[in-house]
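S.K.: First, the structure itself, so that you have it in front of you.
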Amino acid sequence: MTAAAPLALITGASSGIGLALAQAYAQQGWRVAMCARRLAPMAQWRSSQPQREAIHLFQADVDDAQAMLAVARECERTLGLPDLVIANAGFSVGVDLRHAEDLRAFADILQTNVLGVAHTLQPFVKPMLVRGSGQLVAIASVAGLRGLAGQGAYCGSKAAVITFMESLWAELRGSGVAVTTLNPGWVNTPLTAGNPFPMPFALQPEVFARRALRAIARRPRLVTVPWQMAVVSWLLRRLPATALAWATARKPRKPRRP
């Protein structure tokens, strides 16, 4: 492994999709900067990796803009400007606005899933523009395409990410800096472990990560993984709201925050 190897910075890298992406990029010969609130799981995983010298750990919360700026600057100082930044950190709980206490969960989801993406990507926009190359990726979701009962906060947050990233793509188009929105379908991670409903076409994190790497390498504006969920997405966008509500009326809802 040499300093010339490309560098990817990934948030939410202590588990789930983020950890799987970190592993996949490391196996492809990339240097990987992993960032998450929890340092211990990342350190434990890194210690088991044969390419551990190419894996670097940063502890920060994407909710904190200043902390993410500090991570970006330290990464640039010690490792160089990343070739790829993946804003992956996020979470989901069910919400029911009959309960006033769910407003806190609503706000927390928007803070992490939307502002966390902006906090992650913003420090790299200008340096990448100056260099004239790089790629900024946000992990959104197929859930951001339509509103689902009981998931208003999560669906709303991912819809915001999709449109925010489209705006950023329009701003940076032609600059040499690619902007990509990746919409996963179902992935078997701690985030989805408590879902009380079927998850069609669900992938294991490692399988998703391998497919995501190939998709990201094409530098698309928007891509859905797996392809089956791209078909579902196309259908969802064309389904009348009343039909969608009827079809999901008896579907169990994602649990609310305890």
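FYI, it's all coordinate maths here, none of it is from the lab. Owing to the predicted nature of the structure, the values given are computational and were not obtained by experimental measurement. Note that each Cβ is placed from the backbone with ideal geometry, even for glycine, and that neighbours are counted across all protein chains shown.
S.K.: Taking the Cβ of each residue in His56, His119, His99 as the centre, tally the other Cβ atoms inside 10 Å and list the residues starting with the fewest.
M.R.: Details: His56 19, His119 26, His99 10.
In increasing order of surrounding Cβ atoms, one gets His99, His56, His119.
S.K.: Would you work out the charge dipole size for the stretch 111-258 about its Cα centre, treating the Cβ of every Lys and Arg as +1 and the Cβ of every Asp and Glu as -1, and quote it to the nearest 20 debye? Could you put the intermediate results ahead of the total?
M.R.: Numbers: 19 positive and 3 negative charges, 46 e Å.
Around 220 debye, computed over the stretch 111-258.
S.K.: Among Thr192, Val161, Trp227, which residue has its Cα positioned farthest towards the positive end of the charge dipole of the stretch 7-248, with +1 placed on the Cβ of Lys and Arg, -1 on the Cβ of Asp and Glu, and the dipole taken about the Cα centre?
M.R.: Trp227
S.K.: Separate question: After finding the eigenvalues of the alpha carbon gyration tensor for the stretch 142-258, what semi-axes result from the square roots of 5 times each, listed largest first in whole Å? Walk me through the numbers on the way to the answer.
M.R.: Details: eigenvalues 135, 62, 37 Å².
Computed over the stretch 142-258, the values are 26, 18, 14 Å.
S.K.: Per DSSP H run of n ≥ 4, the term is -39500 (n - 2.57); total these for the chain, divide by its residue number, and report the mean residue ellipticity at 222 nm rounded to 500 deg cm²/dmol. Don't skip to the end; give the middle numbers.
M.R.: Numbers: 9 runs with 114 residues, N = 258.
Theoretical 222 nm ellipticity from helices: -14000 deg cm²/dmol.
S.K.: Please arrange Phe164, Phe58 by counting, for each residue, the other beta carbons lying within 10 Å of its beta carbon, fewest first. Each step should come with its number before you reach the end.
M.R.: Values: Phe164 18, Phe58 22.
Going from least to most buried by this count: Phe164, Phe58.
S.K.: Compute, for the stretch 7-248, the length of the dipole vector about the Cα centre, with Cβ point charges of +1 (Lys, Arg) and -1 (Asp, Glu) only. Units Debye, rounded to 20.
M.R.: It comes to approximately 700 debye.
S.K.: Related question: Rg and Dmax of the stretch 55-99, Cα atoms, in Å?
M.R.: 15.0, 49
S.K.: Report, ordered by chain and residue number, the aspartates and glutamates lying within cross-link reach of Lys126, taken as a straight Cα distance under 19 Å and ignoring same-chain residues fewer than 8 apart.
M.R.: By straight Cα distance, Lys126 reaches Glu74, Glu76, Asp83, Glu166, Glu171.
S.K.: Rank the residues Ile86, Ile162 as a footprinting-exposure proxy: fewest other Cβ atoms within 10 Å of their Cβ go first. Display every interim value, and only then the final one.
M.R.: Working: Ile86 29, Ile162 18.
Ranked by crowding around the Cβ, least crowded first: Ile162, Ile86.
S.K.: How long are the three semi-axes of the equivalent ellipsoid for the stretch 54-182, computed from the Cα gyration tensor as the root of 5 times each eigenvalue, in whole Å, largest first? List each step's numbers first, then the result.
M.R.: On the way: eigenvalues 166, 60, 21 Å².
Semi-axes from the Cα gyration tensor: 29, 17, 10 Å.
S.K.: Run through every distinct alpha carbon pair of the chain and return the Kirkwood hydrodynamic radius in angstroms, one decimal place. All intermediate terms of the calculation are to be shown ahead of the outcome.
M.R.: Details: mean 1/r = 0.0535 Å⁻¹.
Taking the inverse mean of 1/r over all distinct Cα pairs, the chain comes out at 18.7 Å.
S.K.: Which residue, Ser15, Ser47, Leu79, has the largest displacement toward the positive end of the dipole of the stretch 4-124 when charges sit on each Cβ (Lys, Arg +1; Asp, Glu -1)?
M.R.: Going by the Cα projections, it comes out as Ser47.
S.K.: Stretch Leu236-Lys126 to full length: gain in nm at 0.36 nm per residue minus the Cα-Cα span? Please report the intermediate quantities before stating the final value.
M.R.: Values: separation 110, 0.36 × 110 = 39.60 nm, distance 3.61 nm.
Result: 36.0 nm gained on full extension.
S.K.: Using label points projected 7 Å from each Cα along Cα→Cβ, tell me how many nm separate Arg37 and Arg214, to one decimal.
M.R.: Each label point is offset 7 Å from its Cα along the Cβ direction, giving 3.5 nm.
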